[in-house]
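Quick notes on the structure that follows.
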Amino acid sequence: MRGTLLYGPGDIRVEERPDPKIEQPTDAVIRLVATCVCGSDLWPYRGADKVEQPMPMGHEYAGVVEEVGSEVSAIRPGQFVVGSFFASDNTCEICRAGYQSSCVHREPVGAIGTQAQYARIPLADGTLVATPETPSDDLVPSLLAASDVLGTGWFAAVAAEAGPGKTVAVVGDGAVGLLGVLAARQLGAERIVIFSRHESRQQLAREYGATDIVVERGDEGVARIEDLTNGLGAHSVIEAVGTQESMMQAIRATRPGGHVGYVGVSHDVALPGEELFFSHVHLHGGPAPVRRFLPELIDLICRREIDPGKVFDLDLPLQQAAEGYRAMDERRAIKTLLRP
Ligand SMILES: [Zn+2]
């Protein structure tokens with residue numbers, strides 16, 4: 001099969017890779033209908049994470065089940081399925097509490113690499129969620145978005161306790177931040193403010209329910225949030241970047257007693273203890289337990305109540321993955337969908 005490999009900073013190639021096989025009786029093999037490039041794929045692409053040997057890429061996936069292992073019972077060949085970036089049994093105590101991305105048996109799907117024609121998905125019964133029927137083609141981008149960016153934005157909004165009567169601020173105008181806006185709207189937030197300087201992203205944020213746009217960053221951005229909230233700060237802040245600046249902007253934009261939902265993959269963030277102590281802010285986040293939300297998100301998409309697939313503004317054949325990465329790296333594209 002064809003699959004994407006990262007050889008080093010900026011060096012993405014689509015090459016022949018071994019066809020995946022059932023290795024464990026709990027595995028499934030799926031044929032990818034759609035896959036995509038994640039904002040977090042840009043960290044190794046930009047050289048922030050060291051690449052020792054050619055590394056399979058991709059952890060977002062939607063596709064059709066080809067084959068299942070002997071112990072798989074709920075998932076069957078022919079089903080259209082969506083799963084998340086950590087395989088999980090969905091039965092252990094941590095999974096049952098709703099934290100499938102910390103499942104005691106979790107396996108990172110990123111190590112398998114789903115920017116490919118086929119992928120082996122471990123713990124298929126726990127990991128995969130089948131759609132009620134084979135979806136029409138126009139729903140595929142939205143179902144793919146549920147695999148990570150929508151589920152992650154949704155978790156951030158839930159962790160930030162977005163809801164009726166709340167003012168929600170969103171730090172980060174990438175796909176996750178934009179879908180955090182969508183999630184906050186669905187959860188009933190009254191006012192949704194996004195920090196963004198990009199015209200096309202501002203426009204999509206408004207379509208998804210943003211009521212206010214703030215172009216300033218850092219402490220100036222925080223001051224704009226205070227202007228909008230009688231000096232108090234937002235009730236709920238979604239952090240969808242993962243840098244020191246974005247994390248402090250999120251904490252400082254939150255009112256005492258408010259909540260930060262942080263889902264940007266943390267890179268060299270160090271929190272000042274004393275400031276945190278006196279902030280009275282709740283912090284909750286981490287790798288989103290997307291599996292918790294998948295059944296609900298798939299239902300909303302199949303009923304066409306939400307359209308998260310609009311975050312894909314570049315649609316390429318898998319063979320052109322390198323251009324898909326470049327476009328996101330240069331911020332010419334919000335998110336690249338790849339067709340195997
Ligand atoms: Zn588990």
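Just one of 106, 76, 120 is more than 16 Å from the ligand (Cβ to nearest atom) and either farther than 21 Å from residue 302 by Cβ or of a type in the set (A, V, I, L, M, F, W, C) (or both); which is it?
Among 106, 76, 120, only 120 is more than 16 Å from the ligand (Cβ to nearest atom) and either farther than 21 Å from residue 302 by Cβ or of a type in the set (A, V, I, L, M, F, W, C) (or both).
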Contact list, first residue from segment 167-194 and over 22 Å from residue 305 (Cα atoms), second anywhere and among the aromatic types (Phe, Trp, Tyr), beta-carbon distance below 6 Å, six or more apart or interchain, is 171/195
Of the residues in segment 237-248, those that are touching a helix residue (DSSP H, G or I) at 6+ places or on another chain (Cβ under 7 Å) and open to solvent by less than 10 Å² (accessible area, probe 1.4 Å) come to 237, 238, 239
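Out of all the residues in segment 260-281, which are β-branched (Val, Ile, Thr) and assigned to a loop (DSSP other than H, G, I, E, B)?
Selection gives 263, 265, 269, 281.
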Exception for residue 162 within (1) open to solvent by 50 Å² or more (accessible area, probe 1.4 Å); (2) in contact (Cβ under 8 Å) with a residue 12 or more places away in the chain falls at (1)
Is it the case that some residue within segment 42-62 is within 16 Å of the ligand (Cβ to nearest atom), closer than 21 Å to residue 296 by Cβ and among the hydrophobic types (A, V, I, L, M, F, W, C)? no
Of the residues in segment 1-31, those that are assigned to a strand (DSSP E or B), closer than 19 Å to residue 81 by Cα and open to solvent by less than 50 Å² (accessible area, probe 1.4 Å) come to 28, 29, 30
So, first residue in contact (Cβ under 8 Å) with a residue 40 or more places away in the chain in segment 99-115, second residue open to solvent by 10 Å² or more (accessible area, probe 1.4 Å) and within 7 Å of the ligand (Cβ to nearest atom), Cβ within less than 7 Å, six or more apart or across chains; the pairs are 100/90; 102/94
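Per-residue answers, yes or no, for (1) touching a Phe, Trp or Tyr at 6+ places or on another chain (Cβ under 7 Å); (2) more than 16 Å from the ligand (Cβ to nearest atom):
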position	(1), (2)
81	no, yes
90	no, no
94	no, no
112	no, yes
126	no, no
130	yes, yes
161	no, yes
164	no, yes
174	no, yes
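Okay, residues lined up against (1) under 20 Å from the mean Cα position of the chain (by Cα); (2) open to solvent by 10 Å² or more (accessible area, probe 1.4 Å); (3) more than 24 Å from residue 265 (Cβ to Cβ):
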site: 168; (1), (2), (3): yes, no, no
site: 208; (1), (2), (3): yes, yes, no
site: 211; (1), (2), (3): no, yes, yes
site: 233; (1), (2), (3): no, no, yes
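The values are calculated or read from the model by the stated rules, or taken from the named source; none is laboratory data. None of the values given here were measured: they were computed from a predicted structure. With ideal geometry, Cβ positions are generated from the backbone for all residues, glycine too; neighbour counts draw on all protein chains shown. Side chains are part of the model used for accessible areas, which takes the heavy atoms of the whole protein and leaves out ligands, DNA and RNA. Shrake-Rupley method; radii C 1.70, N 1.55, O 1.52, S 1.80 Å.
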